[in-house]
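S.K.: Below you'll find the structure I mean.
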Amino acid sequence: MIILINFYNWQIIKVGGPEGLEPSTSDVLGMALIELNKNYFEVNTLVHDAFLISIPTNEFSERLEKAKKIIVQAAERVVGPIRVGAQIIKGNFKQEPDIQKDYDEIFNEIQNYKT
């Protein structure tokens, strides 16, 4: 299964200050990515403030909770406690209807151009 794990109530979405002392989103994401890799997670990509990961179905519940715990612990080391959420994607991902319509139109144009 594909899981999108993201931060909730994120209060530090900024770039570190000129002295480089302020934590930034990238600090938390970097630390979390290192730990996810150390724990053998298949991280497919980074999407803004979220990781897109794949988890085998037979390990789903246990591995999802482990991934969320890793991300929370990374944030705690950098900025303090945060909450994380997960969106489970079991098949082809569909956007909200109005956004999906735009996506479909763009994709159709690309397909038409190729042919």
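S.K.: So, of the residues in the range 26-57 that are of a type in the set (A, V, I, L, M, F, W, C) and in a loop (DSSP other than H, G, I, E, B), which turns out to be surrounded by the fewest Cβ atoms within 10 Å (Cβ to Cβ)?
M.R.: Taking the candidates together, the pick is Ile55.
S.K.: Just for the range 71-115: of the residues that are assigned to a helix (DSSP H, G or I) and touching a Phe, Trp or Tyr at 6+ places or on another chain (Cβ under 8 Å), which one is modelled with the lowest pLDDT?
M.R.: Our first condition is that a residue be assigned to a helix (DSSP H, G or I); within the range 71-115, this holds for 71-78, 97-114.
Narrowing the set further to residues that are touching a Phe, Trp or Tyr at 6+ places or on another chain (Cβ under 8 Å) leaves 71, 75.
Numbers: Ile71: 87, Ala75: 83.
In this case the residue turns out to be Ala75.
S.K.: Would you please list the contacts, defined by Cβ atoms under 7 Å and residues six or more apart or on different chains, that run from a residue in the range 58-78 that is on the phi < 0 side of the Ramachandran plot and surrounded by 13 or more Cβ atoms within 10 Å (Cβ to Cβ) to a residue that is at pLDDT 90 or above and not in a helix (DSSP H, G or I)?
M.R.: So the pair list comes out as Lys66/Asn39; Ala67/Phe41; Ile70/Asn39.
S.K.: A further question on this structure: Only one of (1) out of contact with any Lys or Arg (no Cβ under 7 Å at 6 or more places or on another chain); (2) of a type outside the set (Lys, Arg); (3) modelled with pLDDT of 85 or more fails for Ile55. Which number is that?
M.R.: (1)
S.K.: Can I ask one more? Looking at (1) free of Cβ contacts under 8 Å to residues at least 60 places away in the same chain; (2) touching a Leu at 6+ places or on another chain (Cβ under 6 Å), which is the only condition Gln87 fails?
M.R.: (1)
The values are calculated or read from the model by the stated rules, or taken from the named source; none is laboratory data. In this text the structure is predicted, and so the values were computed from the model without any measurement. Note that each Cβ is placed from the backbone with ideal geometry, even for glycine, and that neighbours are counted across all protein chains shown.
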